[in-house]
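Only the coordinates and a few stated rules stand behind these numbers; no lab work does. Worth saying up front: this structure is predicted, and the values here are computed from it rather than measured. Using ideal geometry, Cβ is built from the backbone for each residue, glycine included, and neighbour counts are taken over all protein chains shown.
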Amino acid sequence: MIDAHHHLWDPARREYPWMAGEVLDPIRRPYTVDDLRAVTSAAGVRSTILVQTVSSVEETEEFLDVAAGEPVIAGVVGWVDLTAADVADQLSALAARGPLVGIRHQVEGESDPEWLARGDVLKGLAAVAAAGLSYDLLISPVQFPAAVAAADALPELTFVLDHAGKPPIVSGEWQPWAANLAGLGERPNVFCKLSGLVTEADWETWRVGHLRRHAEHIIDTFGPDRLMFGSDWPVCELAASYEVVLDAAMSLTGPLTDPERADVFEHSARRAYHLL
């Protein structure tokens, strides 16, 4: 089993702009490799993908150093400035340091809804593809059209949509999220993570049934062969423990066949991130 999306951080060493506000106090503490090892071992998860949390090459270098010495971390989705003139050289240097499998920029924080479709960004994404890496999409609802444009412009690049585009579960809204997801899912080079759903629901009162309609649409849109489980730990702890998140994913994928569930919980991540 592969957990295709988790983080590590230490607020005493680095600032995390997205962690502002009292509501995030429960997770404003260090989360270490020892913590990761404890929760994954208890859950029977054998490998993970460690994902960047800030726009920092330094953080990516630290993550690669950690992953190089930690068997449970199979790969790192790091960060580089996609608009930099030397992005290809930066990617090469990072890949030489440790198991770099992808790149992510927190596009949802960009004010420009067309950021992903900009010429300089597309050039950087082309370098990501040329390096044999994938690209994680963390986008807001208004950025779906640009994500579609980027996926169409770079069919050789594997895109991975984080948290299924953050469906508004707590509000009960269905559109435009459902249509946006379906449009992106029509692109064969786009994968999706079954992740982050518990924190899009009501943190205190959610139940698996509250997630089911959205999860069914996600599964129908991408199919098991382009869908992968991610815990989004430790962010998930705002709403649920690691074990509860995994149990919820197991329940939501219950109607699938055993081979299909094997795709969701292992093989799709191996394909998207080129893992052995």
Simple spin-label model, 7 Å along Cα-to-Cβ: ALA149 to VAL23 in nm? 3.0
Using alpha carbon centroids, what distance separates the stretch 23-39 and the stretch 150-178, in Å? 27
Which number do you get for Rg(Cα) / (2.2 N^0.38 Å) in the stretch 158-231? 1.03
Step through the residues of the stretch 17-32 one at a time and calculate ³J(HN,Hα) from phi using the Karplus curve (6.51 cos²θ - 1.76 cosθ + 1.60, θ = phi - 60°), rounding each to whole Hz and writing x for Gly and Pro. x, 6, 8, 6, x, 4, 4, 9, 3, x, 10, 8, 7, x, 10, 10
The stretch 184-217 and the stretch 118-147: distance between their alpha carbon centers, rounded to Å: 22
With N set to the number of residues, divide the alpha-carbon radius of gyration of the stretch 52-180 by 2.2 N^0.38 Å and report two decimals. 1.09
Expected 222 nm ellipticity per residue - DSSP helices of 4 or more, -39500 (n - 2.57), all of the chain, to 500: -11000 deg cm²/dmol
Could you pull out which residues in the stretch 72-100 have an amide N less than 20 Å from a spot 7 Å beyond the Cα of ASP112, following the Cα-Cβ vector? 79-88
Could you tell me the center-to-center distance, by alpha carbons, between the stretch 225-273 and the stretch 3-22 in angstrom? 22
Only sites in a loop by DSSP and with at most 15 other Cβ atoms within 10 Å count here; which GluC sites (Glu not before Pro) in the stretch 110-158 make the cut? GLU114, GLU156
Rounded, prolate or oblate: which fits the stretch 108-235, taking a ≥ b ≥ c as square roots of the Cα gyration tensor eigenvalues, rounded meaning a/c under 1.5, else prolate when a/b beats b/c? prolate
In sequence order, what are the phi-derived ³J(HN,Hα) couplings for the stretch 257-273 according to the Karplus relation 6.51 cos²θ - 1.76 cosθ + 1.60 with θ = phi - 60°, rounded to whole Hz, with x for glycine and proline? 6, 4, x, 5, 5, 5, 4, 4, 9, 7, 5, 5, 5, 4, 5, 5, 9
Note down the nm distance, to one decimal, between modelled labels 7 Å out along Cα→Cβ at GLU58 and at ASP247. 4.1
Neighbour-limited loop hits for GluC sites (Glu not before Pro), the stretch 1-104 (at most 11 other Cβ within 10 Å; DSSP other than H, G, I, E, B): GLU15
Output ³J(HN,Hα) for the stretch 133-139: one whole-Hz value per residue in order, computed from phi by the Karplus curve 6.51 cos²θ - 1.76 cosθ + 1.60 with θ = phi - 60°, and x for Gly and Pro. 9, 9, 10, 7, 9, 10, 10
By the C-alpha gyration tensor axes a ≥ b ≥ c (rounded if a/c is under 1.5, else prolate when a/b exceeds b/c, else oblate), the shape of the stretch 1-84 is oblate
Along the principal axes of its C-alpha atoms, what lengths does the stretch 2-272 span, in descending order and rounded to whole Å? 48, 40, 40
Expressed in nanometres to one decimal, the distance between label points 7 Å along Cα→Cβ at GLN175 and ARG213 is 1.4
Assuming 0.36 nm per residue, please report the length gained on full extension of the stretch TRP203 to ALA130 beyond their Cα-Cα distance. 22.2 nm
